[in-house]
Ligand code: MLT
């Protein structure tokens, strides 16, 4: 069942889990200019039986939805970012109640701007996430006080030819997350800012490992990723 909705503070889509005993929910966070429908196909490829929760960013930049304001490419309005991070975390908590989701099985899957706000949620409101897949993320900000991520698993998927995000930026984010206690895996791809099929395959394998490590039942088959999803 797909539910388009404007409730809970964000225009969003919710797709219930395909199997009643699948506790995983993917929180899908699109890139700049995307919307709540963009990553639904990616979510289905990554975890075919999971519930999908996909909010549209509430900030408009020349007509392009985003999750927070920026002053220039890679220069973030930190006050807005932090306020929007709390808004998004509140939305996730409300969605857990509304859709009867397992609060300890919400994994963010963010691309670009969506990955950046997911990293910000890890720094400010880590309790709402069980882990995160960050496709092409940057350091959203350096937290004043390091959060305690207590072994939360995080996958960083970076492109070696990304014109927006340097390898040093990815390494900076990795180090910050490790300092905060996250269990970080970095997947490097011979790709730019857009996703390559191997990024998706890596995330799918990582998610299956995540679910298995928690004793969740993992379906044995699903669609094979084809082409670039984003
Ligand atoms: C951002 O603004 O979050 C990053 O620069 C990525 C982007 O959306 O281009």
Classify segment 80-147 as rounded, prolate or oblate, taking a ≥ b ≥ c as the square roots of the eigenvalues of its Cα gyration tensor: rounded when a/c is under 1.5, otherwise prolate if a/b is larger than b/c and oblate if not. prolate
Need one word for segment 147-215: rounded, prolate or oblate. Basis is the Cα gyration tensor (sqrt eigenvalues a ≥ b ≥ c); a/c below 1.5 gives rounded, then a/b vs b/c decides. oblate
Could you work out the helix-only [θ] at 222 nm for the chain, with each DSSP H run of four or more residues adding -39,500 (n - 2.57) and the total divided by the number of residues, to the nearest 500 deg cm²/dmol? -10000 deg cm²/dmol
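Would you mind ranking 206, 188 by Cβ crowding within 10 Å, fewest neighbours first? Please list the in-between numbers first.
Numbers: 206 20, 188 14.
Fewest-to-most Cβ neighbours within 10 Å comes out as 188, 206.
If you count, for each residue, the other Cβ atoms within 10 Å and average over each peptide, how do 129-138, 146-155, 51-60 line up from highest to lowest?
On the way: 129-138: 26.1, 146-155: 17.6, 51-60: 22.1.
Highest-to-lowest ranking by the protection proxy: 129-138, 51-60, 146-155.
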Within segment 105-144, find all residues whose amide N lies under 13 Å from a label point positioned 7 Å from the Cα of residue 169 along Cα-to-beta-carbon. 112-117, 135-141
When a footprinting reagent is the concern and you count Cβ atoms within 10 Å, what order do 100, 30, 86, 193 take, fewest first? 100, 86, 193, 30
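Over segment 61-125, what is the relative contact order in percent, taking alpha-carbon pairs closer than 8 angstrom and at least six residues apart?
Working: 45 pairs, mean separation 23.0, N = 65.
Relative contact order for segment 61-125 comes out at 35 percent.
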Once you sort the root eigenvalues of the Cα gyration tensor of segment 27-109 as a ≥ b ≥ c, which label holds: rounded (a/c under 1.5), prolate (a/b larger than b/c) or oblate (the other case)? oblate
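Taking Cα pairs under 8 Å and at least six residues apart, what relative contact order does segment 35-75 come out at, in percent? Intermediate values should be presented prior to the final figure.
On the way: 31 pairs, mean separation 12.2, N = 41.
30 percent.
Give me 106, 11, 164 ranked fewest to most by other Cβ atoms within 10 Å of their Cβ, as a rough exposure proxy. Don't jump to the answer; show the numbers that get you there.
Values: 106 24, 11 17, 164 13.
If I rank by nearby Cβ atoms, fewest first, I get 164, 11, 106.
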Calculate I(q)/I(0) for segment 91-230 by the Debye formula, one identical point scatterer on each C-alpha and no solvent, and give its log10 at q = 0.19 Å⁻¹ to two decimals. -1.17
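First obtain the Kirkwood hydrodynamic radius of segment 1-69 from its Cα pairs, then insert it into the Stokes-Einstein equation at 10 °C and 1.306 mPa s, and state the resulting D in µm² per second as a whole number.
Rounded to a whole number, D works out at 129 µm²/s.
With a cut-off of 8 Å between alpha carbons and a minimum separation of six or more residues, what is the relative contact order of segment 83-230 in percent? Please list the in-between numbers first.
Numbers: 237 pairs, mean separation 25.8, N = 148.
Over segment 83-230, the number comes to 17 percent.
Throughout, read-outs are computed from the coordinates displayed, never taken from laboratory work. Remember, it's a predicted structure, so these values are computed and weren't measured experimentally. Every residue, glycine as well, gets a Cβ built from its backbone with ideal geometry; the counts of neighbours run over all protein chains shown.
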